[in-house]
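Inspection log for the structure reproduced underneath, given as C-alpha cells.
The values are calculated or read from the model by the stated rules, or taken from the named source; none is laboratory data. No experiment lies behind these values; they were computed from the predicted model shown. Cβ atoms come from the backbone with ideal geometry, glycine included; neighbour counts cover every protein chain shown.
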Amino acid sequence: MADSFSQRQYTIRIIFAVVAIGLILRTFYLQLLDSTYRAKAEATTIDEQIVYPSRGVIYDREGRLLVFNDPSYDLMVTYNQVDPDMDTVAFCQLLDIDVDYFKKTLDKNWKSPRYSKSVPFPFLTNISSERFAAFEERIYQFPGFRPLLRHTRGYPHTNAAHILGYTREVNQKDIERSNGIYRPGDYIGKSGLELAYEDTLRGEKGIQLILKDNLGRDVGTYKEGNLDEEPISGKNFVTTIDLELQQYGELLMQNKIGSIIALDPSSGEILAMISTPTYDPNLLAIGKGNGNAYATLANSQHNTLFDRSVMAQYPPGSLFKPLVALIGLQTGVLNPDRTIYCPGAYYFEGMRLTGCHGHPTCFDVETAIQHSCNAYFVTVFRDIVDSQGGVHNPEIGLDLFNSYLDKFGIGSKLGIDVPREKRGNYPSSKYYTDYFNKQQEGQRWNSIWIRSLGIGQGELLMTNLQMVNLAAIIANRGWYKTPHLVHSIIGDNANITVPDKFQETHEVGIDAKHFEHVIDGMERVVLSGTARSAFIPGVSVCGKTGTAENPHGEDHSIFFAFAPKDNPKIAIAVYIENAGFGGTYAAPIASLMIEKTLNDTIHTSRQWMEKRMIDANLMPEETP
C-alpha cells in the first residue's frame, strides 16, 4: 500500500518536472531565439491603412475611352522614423523638390492635436508613376517614408469637359456630409458625370491592418492579413455620347458662345452635348493641370465652366410657335386650315404692337410655321387664353395653356443625369395677377398684355435641353423619354441597365394627328422657308428657326430640328448667343451635325458652308 502511494508521488513529481522543463525551454525560445515573436511583443498599436480602389472608367457609345485612371503616389511620412542623417539632397533630387520644401513640410506644430510624430501624414502628393519608379529603387535608404497608391483621372481627348466633369480633393463640408465615407485627402466628383454618378464610380476603399511598435514603425501585417479588406473598384460606364460627333460639334462651335444638343428621339440617348466656350478636361485633372487653371476658368469673362446646355435659361423665340400650334389644335381653338392675315405686324385696335417680316398670307398652320408669322401665333395664343373664361377671365385659359407646358417638361427639370439642371420658367396666372396688382391695386390683366408669350418671348425661358426635347416630342408625334447620358453600367462582368426613369415613356396629351400639320410646316421651313440653309440633299429635315431678342446686344440665333421626317434618328437644338437670325448660323450648324450623323460625311456641295461655320468668330469683344 505504502509502495503504491510512493510510486504515484514519484510519477507526479516526474510529470511536474517535465512540464516545468518544457515551459522553461519554450520561454527561452520565445524570448531569446524567436525574433518574430519578440518584435510582435513590442507592438503596441494596430494601424488601419486605407487601400484606395480604382475609379470606374468612362467610354463613349462605341467603346472609345473617354476617362481613364492614371496611377500616382502620395508619399507619407512618420516624423519620428525619419533618419536625421539621411541624404536629404539625393532625396530631394529624386522627387524634384528643393530642400526648403523638405524642411518646411516636416516642420509641423507638434503641440497641435492635428499632428503626431508617430502618425503618418502626407509629405508629397500626386507623384507620377514614372518619377516614383526611380524613387522606389532607393526608398529603403529613407526610413519613415512610405508610398500610398492613388488613382487620378486622365483624358485621352480634349472633348466633352462639361459632360464628364472633374474630380478634386474633398473639403470639410464633403467630409461632414458623407457619414464617414470620406476622409481628408480623398477625391470626389465635383461636376458632370463624375458628380452625378459619384456613388457608383468611386468604388469602396479597402483596409490593411499593420502592427506598429511604440515608435510607430511597421512590425508586420496583423493576423497574416486575414482581417484585411480588399478594395472594390468603381463600376465602368458606357455613355450615350458619340465621340466623333461630339468632336465635330465642338469644332463647329469654336469661337462661339452657346450650346448644341443632339439626341436619339426614340430612346432619349444624348449623342452630343456641347457647351461653349469649353476647355481641355486635362486642365482640371488632379496633379496634371495648372494649379491656377480652375480659378482662371471660373473667372473667365465668358464663364467657361458654365454648362450652357442645362444651366443657361434662354427665351425660345419662334421655336415656341409649333407648341402654340399644337395646343391650339388640341384644344379646338385652331383649325388646321385657318387663315390669319398678317399686314406685316400684329395690330390691336389700330395700334401696331408686334412686328413681323414680309411674307405671303398664311392660309393654314403649315404656312404659318413655314414663314414664322408673329401675327398668326399671337392671335392663336390669345384665342387659347380667352377661350375658357373670356376676355375678362384670362386666368382660366392661361392655366389650361400652362398645363400642356407641364406635360412637355417646360418649367421643370427634365431629370438628365448631370447636375445643376435648371427649370426654365413660364409665368403663371397668379404671377400676372400679383404683378399687375402690385403696379396698381385691383388692376386686371388680359391676353393682349401677355401676347409676347405666343412667340416665345416675355417671361418665358427654356434650357437648350428642353428645346431639343421639344424637337424630340414633335419627331415622336407626342411622347418622349427623359434625355440621358449613360447607356449602361458595367460591373461584375455584366451590364447593368440605366435607371427605370430613363426607360419610361412620357405622353404629352396631344393627339398624334395634330403633329402631322406641324411637321409638314417644319419641313417647309427647310425646303422653302426661313431655314433653307439647313437643306441636306437626300435627307428630309424638319426644323424651325428662332431669333430671340437680346436687350444686351445682338439677338440670339436658334434652330431646332429632327431628321429624317419619318422614323427620325436625330433631334437637335442649337443656340448661339449674339449670332443674329436663326437661319444664319444655328440652322446650318444643326444641319451639318445631322448630315454627319446620318451620312458620316459632308456633301461636297456643302463643304463651303462647313468651312464658313468653322471659321466664324462670333465672340463678343472682351471688356477691359
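Key figures for this structure:
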{"quantity": "Residue in region 513-525 that is in the same structural domain as LEU252 (by TED's automatic domain parsing) and in a loop (DSSP other than H, G, I, E, B) present", "calculated": "no"}
{"quantity": "Members of region 58-81 that are outside any strand (DSSP E or B) and either at pLDDT 90 or above or polar (S, T, N, Q) (or both)", "calculated": "ASP60, ARG61, GLU62, GLY63, ARG64, THR78, ASN80, GLN81"}
{"quantity": "Breaking point among (1) among the polar types (S, T, N, Q); (2) within 30 Å of GLU194 (Cβ to Cβ); (3) out of contact with any Gly (no Cβ under 7 Å at 6 or more places or on another chain), for ASN437", "calculated": "(2)"}
{"quantity": "Filtered residue count, region 454-471, keeping only those that are touching a Phe, Trp or Tyr at 6+ places or on another chain (Cβ under 7 Å) and surrounded by fewer than 24 Cβ atoms within 10 Å (Cβ to Cβ)", "calculated": "1"}
{"quantity": "Enumeration of residues in region 526-546 that are in a strand (DSSP E or B) and out of contact with any Gly (no Cβ under 6 Å at 6 or more places or on another chain)", "calculated": "ILE536, VAL539, CYS542, GLY543, LYS544"}
{"quantity": "Test: residue in region 428-440 that is of a type outside the set (Lys, Arg), closer than 17 Å to SER557 by Cα and touching a residue at least 24 places away in the same chain (Cβ under 8 Å)", "calculated": "no"}
{"quantity": "Number of positions in region 472-482 that are buried (at least 24 other Cβ atoms within 10 Å of the Cβ) and either free of Cβ contacts under 8 Å to residues at least 24 places away in the same chain or under 19 Å from ARG423 (Cβ atoms) (or both)", "calculated": "3"}
{"quantity": "Residues of region 181-198 classified as in contact (Cβ under 8 Å) with a residue 40 or more places away in the chain, closer than 12 Å to GLU169 by Cβ and of a type in the set (Ser, Thr, Tyr), total", "calculated": "1"}
{"quantity": "Scan of region 230-283 for residues that are of a type in the set (Lys, Arg) and closer than 28 Å to ARG168 by Cα, ordered by number", "calculated": "LYS235"}
{"quantity": "Selection status of TYR404, surrounded by fewer than 20 Cβ atoms within 10 Å (Cβ to Cβ) and touching a Ser or Thr at 6+ places or on another chain (Cβ under 9 Å)", "calculated": "yes"}
{"quantity": "Any chance GLY546 is assigned by TED's automatic domain parsing to the domain that holds ILE576, buried (at least 21 other Cβ atoms within 10 Å of the Cβ), under 25 Å from PHE363 (Cα atoms) and more than 32 Å from the chain's Cα centre (by Cα)", "calculated": "no"}
{"quantity": "Selection within region 550-576 - touching a strand residue (DSSP E or B) at 6+ places or on another chain (Cβ under 7 Å), part of a loop (DSSP other than H, G, I, E, B) and at pLDDT 95 or above", "calculated": "PRO564, LYS565, PRO568, LYS569"}
{"quantity": "Cβ pairs under 7 Å, 6+ apart, first in region 359-388 and closer than 16 Å to TYR346 by Cα, second among the polar types (S, T, N, Q) and in a helix (DSSP H, G or I)", "calculated": "SER372/SER318; ARG382/SER447"}
{"quantity": "Those helices (runs of 4 or more DSSP H) lying entirely in region 85-192 with at least 3 residues over 39 Å from the mean Cα position of the chain (by Cα)", "calculated": "88-95, 99-106"}
{"quantity": "Sole exception among (1) farther than 27 Å from VAL82 by Cα; (2) part of a helix (DSSP H, G or I); (3) at pLDDT below 90 for LEU227, by number", "calculated": "(2)"}
{"quantity": "Residue match in region 338-352 (condition: at pLDDT 95 or above, in contact with a helix residue (DSSP H, G or I) (Cβ under 8 Å, 6 or more places away or on another chain) and closer than 18 Å to ASP511 by Cα)", "calculated": "no"}
{"quantity": "Cross-chain or 6+ apart pairs with Cβ under 6 Å, region 322-351 first and in a loop (DSSP other than H, G, I, E, B), then hydrophobic (A, V, I, L, M, F, W, C)", "calculated": "VAL333/ILE384; LEU334/VAL380; PRO336/VAL365; THR339/PHE363; CYS342/CYS356; CYS342/CYS373; CYS342/ALA375; GLY344/CYS356"}
{"quantity": "ILE510 being outside any strand (DSSP E or B), under 32 Å from the mean Cα position of the chain (by Cα) and in contact (Cβ under 8 Å) with a residue 24 or more places away in the chain", "calculated": "yes"}
{"quantity": "Condition check for THR278: touching a His at 6+ places or on another chain (Cβ under 7 Å) and either surrounded by fewer than 19 Cβ atoms within 10 Å (Cβ to Cβ) or modelled with pLDDT of 95 or more (or both)", "calculated": "yes"}
{"quantity": "Given (1) in contact with a helix residue (DSSP H, G or I) (Cβ under 9 Å, 6 or more places away or on another chain); (2) of a type outside the set (Gly, Ala, Ser); (3) at pLDDT 95 or above, number of the condition GLU516 does not satisfy", "calculated": "(1)"}
{"quantity": "Pairs, first assigned by TED's automatic domain parsing to the domain that holds TYR248 and of a type in the set (Gly, Ala, Ser) in region 265-289, second surrounded by fewer than 21 Cβ atoms within 10 Å (Cβ to Cβ) and assigned to a loop (DSSP other than H, G, I, E, B), C-beta under 7 Å, six or more apart", "calculated": "GLY268/THR482"}
{"quantity": "Residue identified as surrounded by 14 or more Cβ atoms within 10 Å (Cβ to Cβ) and farther than 19 Å from VAL51 by Cα among LEU124, LEU148, LEU164", "calculated": "LEU164"}
{"quantity": "Looking only at region 172-211, and only at residues there that are aliphatic (A, V, I, L, M) and under 19 Å from ASN69 (Cβ atoms), the one that is surrounded by the fewest Cβ atoms within 10 Å (Cβ to Cβ)", "calculated": "LEU195"}
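Every residue, every condition in (1) within 30 Å of ASN469 (Cα to Cα); (2) touching a Lys or Arg at 6+ places or on another chain (Cβ under 8 Å); (3) of a type in the set (Gly, Ala, Ser); (4) in contact (Cβ under 8 Å) with a residue 12 or more places away in the chain, yes or no:
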residue: THR221; (1), (2), (3), (4): no, no, no, yes
residue: GLU230; (1), (2), (3), (4): no, no, no, yes
residue: ASN236; (1), (2), (3), (4): yes, no, no, yes
residue: THR240; (1), (2), (3), (4): yes, yes, no, yes
residue: LEU243; (1), (2), (3), (4): yes, yes, no, yes
residue: GLU250; (1), (2), (3), (4): yes, no, no, yes
residue: GLN254; (1), (2), (3), (4): yes, no, no, yes
residue: ILE260; (1), (2), (3), (4): yes, no, no, yes
